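Below is one structure, written out as structure tokens; the observations come after it.
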Amino acid sequence: MSQAYPIELISIEDKEKLMDKYGRSFLYEVKSDIYGCCIKLLTNIRRVKERWEENFYAMSTNIRSHGRLVVVEDENKPTKVYYDPQSKTAFLINFDYYGWIKSIALSVAGDVLEDEHDIYSIHGACLDYDGRGLCFVGTSGSGKTTQAYGLLRIEDVRVVSDDWFFVRIFGKDALAYSSEKNFYIRADLAKIWSEFKGLVEKAEFDKQGRAIVDLRWVVGKGRIIPVTTLKNIFILKRDPLDRNIHRVLDSEEALNYIESQNYFNPHLLVKNDFKRKLRNSFFYELFKRVNVHLINTIKPPEETQNLIRKLISL
């Protein structure tokens, strides 16, 4: 899974130099709660500050930050992330796509949680049906959002997250936790599932065709939940050369597959042997506790939806 933007790891001394360079330009400082981590945004870009506040839960300004995002424009530099793993500080230079900004914020929080609390990130959508959690992961364009929102048309299905969630293993259970206050949808959502037409009409989309929305407008407050126990993981792919539509993977197969795809997360900031061992150990233990389905989404969305509903006994 290719990286959407370049990332350079820097020393804490380099971090201080960049802070000295950009520090006087900060107009806005916002502290937010990302699953218990205080992540601070520093920026001079108003639209970034406003979207951030729509996206994440607020954190008390009295709490010391665990990680920082510095989002600035610099005409003398290309689009790039500079990340200091020691201070958990990321500098985002010339980022005009908010989807990347929020994902890097979640990745900084994930870096803290992964190293210090045995809590891991999954880049995907997470839902709950009758107390049983399910999630969708896969490469971009494989249908994660389509299938997640397809299930949300059912009243008994509730949502934890549509893009990124955190998982912690307790004994024989794997608990999935929400990460964001609101949801980030595509403008074409209602073209696939007409039930979301009203939500799309109310939304303000950016030039990338994305908008932050409150799903409670459509599904109600009671169907947005903070945690579920994972029981099924659906790995989605779109491969017209593969005739197999559905296959169950064992723990080893699932681990090999997801590792080969960079854990389906192009926003991971630190990728080294230490992190690979941590992530592999987590995913192997996770896959021992859930059913893992590999779904080829080459059929029309409704056909894939019907198969998924059958597999989770909806």
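List of remarks:
- Condition broken by Phe205, with the remaining ones in (1) closer than 30 Å to Glu53 by Cβ; (2) modelled with pLDDT of 95 or more; (3) not in a helix (DSSP H, G or I) satisfied: (2)
- Residue within segment 114-124 that is crowded, with 19+ Cβ neighbours inside 10 Å, among the charged types (D, E, K, R) and part of a strand (DSSP E or B) present: no
- Scan of segment 154-202 for residues that are assigned to a loop (DSSP other than H, G, I, E, B), crowded, with 20+ Cβ neighbours inside 10 Å and either of a type in the set (D, E, K, R) or without any contact (Cβ under 8 Å) to a residue 40 or more places away in the chain (or both), ordered by number: Asp162, Asp163, Glu180
- Residues of segment 65-93 that turn out to be closer than 13 Å to Lys40 by Cβ and part of a loop (DSSP other than H, G, I, E, B), as a count: 4
- Candidate set from segment 125-153 (those that are basic (Lys, Arg) and not in a loop (DSSP other than H, G, I, E, B)); member that is surrounded by the fewest Cβ atoms within 10 Å (Cβ to Cβ): Arg132
- Here the condition is being touching a Lys or Arg at 6+ places or on another chain (Cβ under 6 Å) and modelled with pLDDT of 95 or more; of Ile258, Ile235, Ile245, Ile225, it holds for Ile225 alone.
- Restricting attention to segment 1-55, the residues that are outside any loop (DSSP other than H, G, I, E, B), free of Cβ contacts under 8 Å to residues at least 60 places away in the same chain, surrounded by fewer than 16 Cβ atoms within 10 Å (Cβ to Cβ) and of a type outside the set (Gly, Ala, Ser) total 10.
The values are calculated or read from the model by the stated rules, or taken from the named source; none is laboratory data. Here the structure is a predicted model, which is why all the values come from computation and not from measurement. Note that we place each Cβ from the backbone using ideal geometry, even for glycine, and neighbour counts take in every protein chain shown.
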